[in-house]
Amino acid sequence: MRKTGTLALLGAIAHGAVVASSSLPRGVGPEFAKYYTSQGTFTCIGTPSITLSSSQINDNSCDCPDGSDEPGTAACAHLDRLSPEQPLPGSLTGTTNTTSTLPGFWCANEGHIGSYIPFMYVNDGVCDYELCCDGSDEYAHAGGVQCENRCAAIGKEYRRLEEERRRSKERSIKKRRALAKEAGELRRKVEAKIVSLKDEIKKLEVKQEELQRKLEEIEKAERARVAKPEGPKGKLGVLLSLAKSRVSELRNALDKVLDQRDDLRDRVEQLEDILTKLKEEYNPNYNDEGVKAAVKSWEDYAANQEHEKAQEISDAEIMELLKEDGETSGINWTEFETVDDEASTAHSWEAYLPGSVGEYLRGTLDSLRLWAVDKGIIADDTSTGSGPESRAVTAARDALNAARNEFATKTSTLEEQQRDLEKDYGPDDIFRALKGKCISVDSGEYEYELCWMDRATQKSKKGHGNTNMGNFVRIDKDIADDEERIDGKGLGKGERMVLRYENGQHCWNGPARRTDVWLACAETDELWRVTEPEKCVYRMEVGTPAACEDIKEPEEKVKDEL
Ligand code: MAN
């Protein structure tokens, strides 16, 4: 076999129709049949001024400048076109004849697909089954070669592969549709989230205003209150502060004792290890009374230890004792130090007056006090920060701050979601469904990972860490020009989607790393291969249903047309 793989054949057959008339000279392809129909004479296709006799066709002598008189021999092989795509020569194109008008020797390949084979392969003693499965190119049996017709088997296998490819394509398209559906749902979720966030934000604006008003009201009421002395004063206060500092001293002392205890524990452990070793390794046959007595004492000591251990105070218990102002133990000093709100806001004399009189007097005094504060006659001891803020003010301020924080968080989430909705996720928003998913491939000393719409990473298998090969920036299109691969895991030729990942880790002495992710239609998401065409510029080739072209289902088409 001259060329490997079925794909060479598949490339060439694109030209072929299935049959060639049997009355035609050997090697003439269907599209040139019309030039070989006249009886007795033949006009060179590329040079119509030259007319030959019909007997000169395939007489193994190259008479036409374009070789058209030798469609079935290798006599004009020196004029072979390098590929059937090469432009036609001479008069057919208006330039000089330097190459053959005919694309090659036509193999009808019945049972499979007709194809041209270069003239130089005709009767060269090699069966070229990839292009000429019927073996008709070796009709002269040069060197005794017999090329049997294998078109039935090759055609059958070809049709099987074609069918497999067709089915796979169908499955890929189905998967793409599922992805598009998922992407649509995700988009709708974002849209719904935006609606609900806008609603929540509106409510939070109202709530903030209410809380602001509430805080101002409470602060106003605070300013109006008659200040009471802060915290317990007098003998009880002195006792309280003495008790607090004494407890603190005792806690520090206990801390130090515990440190010493831990050191001693370590030393005892070391000694116990030495004695355990002595007990295990001494030789009782030496009858050394001193050693025997020491071992006996050690055994008695060890037996007692179990009992002693059980009586030790546990670390957890000590931690509980050391805990300051705990809820379950210790003393919550602040509880004794802060002033009770109600007590502080109440006017002590009110208790001695009838209800309505007390209320009236309190209102008048509060207004008077506020007036005096406003005029600067007396100090506003709630705003100077000199006294502790009352619990009511703190609670109102905390509630307002919480609402403000919630408002800020929700607003930034809303902006984020709005940006997301405007972002380009490709046709049908398809990459929305893949976002957050990653695929990887092992390649040499690295494992490469691609995370859709996120980043590409080069992971060292030798433990040298991960390298950012770029972060997703945009979706582009570019032209691929790769050979077809038998396993189908390739880009092939034509326009392909390319995801650009940029601004990765800086290359030593060079630019930031970047990666072009070329996509081709495939049944599953798969990172086929990674190359580094330039230093720190990477190319990933990836198969994914997301890159398949959707062909609308017939009923959808009908719906669209209506
Ligand atoms: C590392 C890898 C390579 C890259 C060099 C550049 O070894 O990221 O891909 O070419 O750094 O110094």
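The values are calculated or read from the model by the stated rules, or taken from the named source; none is laboratory data. These numbers were taken from a predicted model, which means no experiment stands behind them. In this analysis, Cβ positions are derived from the backbone assuming ideal geometry, glycine residues included, and neighbour counts consider all displayed protein chains.
State all residues of the range 513-532 that are of a type outside the set (Lys, Arg) and within 12 Å of the ligand (Cβ to nearest atom); if no residue qualifies, say none. Give the steps one after another, and end with the answer.
Of the residues in the range 513-532, the ones of a type outside the set (Lys, Arg) are 515-528, 530-532.
Matches in the range 513-532: Thr515, Val530, Thr531, Glu532.
If I go through the range 442-452 residue by residue, how many of them are within 16 Å of the ligand (Cβ to nearest atom) and either among the basic types (Lys, Arg) or surrounded by 14 or more Cβ atoms within 10 Å (Cβ to Cβ) (or both)? Spell out the reasoning first.
Here is the first cut: in the range 442-452, the residues within 16 Å of the ligand (Cβ to nearest atom) are 442-450.
Okay, now just the ones that are also either among the basic types (Lys, Arg) or surrounded by 14 or more Cβ atoms within 10 Å (Cβ to Cβ) (or both), so 443, 446-450.
Qualifying residue count for the region: 6.
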Identify all residues within the range 533-555 that are modelled with pLDDT of 95 or more and either under 12 Å from Leu491 (Cβ atoms) or away from the ligand (no atom under 16 Å from the Cβ) (or both); write none if there are none. Arg539, Met540, Glu541, Val542, Gly543, Thr544, Pro545, Ala546, Ala547, Cys548
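Tell me the helices (runs of 4 or more DSSP H) entirely within the range 276-356 that contain at least 1 residues that are more than 30 Å from Glu389 (Cβ to Cβ) and modelled with pLDDT of 70 or more. Break it down into steps so the answer makes sense when it comes.
Details: elements: 289-311, 315-322, 333-337, 341-345.
The helices (runs of 4 or more DSSP H) meeting that bar are 289-311, 315-322.
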Residue satisfying all of: in the range 140-168; surrounded by 15 or more Cβ atoms within 10 Å (Cβ to Cβ) and assigned to a loop (DSSP other than H, G, I, E, B); farthest from the chain's Cα centre (by Cα) among these: Cys147
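Just need a number here: residues in the range 493-512 that are within 16 Å of the ligand (Cβ to nearest atom) and touching a residue at least 40 places away in the same chain (Cβ under 8 Å).
The first filter runs over the range 493-512 and keeps only residues within 16 Å of the ligand (Cβ to nearest atom), leaving 501-512.
Narrowing further to those that are touching a residue at least 40 places away in the same chain (Cβ under 8 Å): 501, 504, 512.
Of the residues in that region, 3 qualify.
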Residue count, the range 453-492 (criterion: exposed (fewer than 12 other Cβ atoms within 10 Å of the Cβ) and within 11 Å of the ligand (Cβ to nearest atom)): 3
Is it fair to say Asp124 is part of a helix (DSSP H, G or I) and within 30 Å of Ile50 (Cβ to Cβ)? no
What is the number of the single condition among (1) of a type in the set (Phe, Trp, Tyr); (2) touching an Asp or Glu at 6+ places or on another chain (Cβ under 6 Å); (3) modelled with pLDDT under 95 that Trp508 does not meet? (2)
